[in-house]
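Below is one structure; the comments refer to it alone.
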Amino acid sequence: MTPEQLAAARDRTVEDVIGGGLRVLFCGINPGLMSAYTGHHFARPGNRFWPALHASGFTARRMAPAEQREVLALGLGITNLAGRATARADELTADELVAGGRLLTAKVGQHRPAWLAVLGVTAYRVAFGDRHAQVGPQERTIGGTRIWVLPSPSGLNAHWSPATLAEEFGRLRAAAFTPRSV
């Protein structure tokens, strides 16, 4: 792919990988240019989503972005908070994130996953008006869907190492696949 082709992917969208009966719906901030170019979520080689998904036990092997539809059979889905592709998430406006939060709420209401995992605490804070949210499970729910905020897996997020990112993904996996007592 050429720099021109990558630049032409700006503002494109990437189709959701979503269905009914999901245990976890992962929600990225927005597609990067590589994802928009390929049509696959978390497609940039430096993105740590797919390695963290595997290292945390969600998948038996490290999947490639082109295999994204296979996660549906595992009870997982993928969507984005804001639809338009940018080179960096900080190119999005607060209004776009708030509007994305409303659309995401409707999407969760329609598909009713057990858990919504928002990948990016700052984006979550803006989208849902929760200035004090931290990484981990949230008190807020959307209907019966519980929410877990995960760190952004972007290679630009230097605050979380691959190991600590996988550990946090693993905490969600344990919560999502452990039966709740009534």
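One table, with the values for the structure above:
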quantity	calculated
Residue in segment 64-71 that is outside any helix (DSSP H, G or I) and either under 11 Å from Ile29 (Cα atoms) or open to solvent by 10 Å² or more (accessible area, probe 1.4 Å) (or both) present	yes
Hits in segment 98-126 - residues which are without any contact (Cβ under 8 Å) to a residue 40 or more places away in the chain and either outside any helix (DSSP H, G or I) or in contact with a Lys or Arg (Cβ under 9 Å, 6 or more places away or on another chain) (or both)	Arg125
Breaking point among (1) under 20 Å from Val108 (Cα atoms); (2) hydroxyl-bearing (Ser, Thr, Tyr); (3) free of Cβ contacts under 8 Å to residues at least 12 places away in the same chain, for Thr145	(3)
Residue among Ala43, Ala36 that is open to solvent by less than 30 Å² (accessible area, probe 1.4 Å), in a helix (DSSP H, G or I) and not basic (Lys, Arg)	Ala36
Positions within segment 108-130 being under 14 Å from the mean Cα position of the chain (by Cα) and open to solvent by 50 Å² or more (accessible area, probe 1.4 Å), in sequence order	Thr122
Index of the failed condition, Ala82 passing every other in (1) buried (at least 23 other Cβ atoms within 10 Å of the Cβ); (2) assigned to a loop (DSSP other than H, G, I, E, B); (3) over 13 Å from the mean Cα position of the chain (by Cα); (4) not polar (S, T, N, Q)	(3)
Residue among Gly57, Gly75 that is open to solvent by less than 30 Å² (accessible area, probe 1.4 Å) and at positive phi	Gly75
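The values are calculated or read from the model by the stated rules, or taken from the named source; none is laboratory data. Here the structure is a predicted model, which means the values were calculated and not measured. Note: ideal-geometry Cβ built from the backbone for every residue, glycine included; neighbour counts use all protein chains shown. In case anyone asks, the SASA skips ligands and DNA or RNA and just uses the protein heavy atoms, side chains included. Shrake-Rupley method; radii C 1.70, N 1.55, O 1.52, S 1.80 Å.
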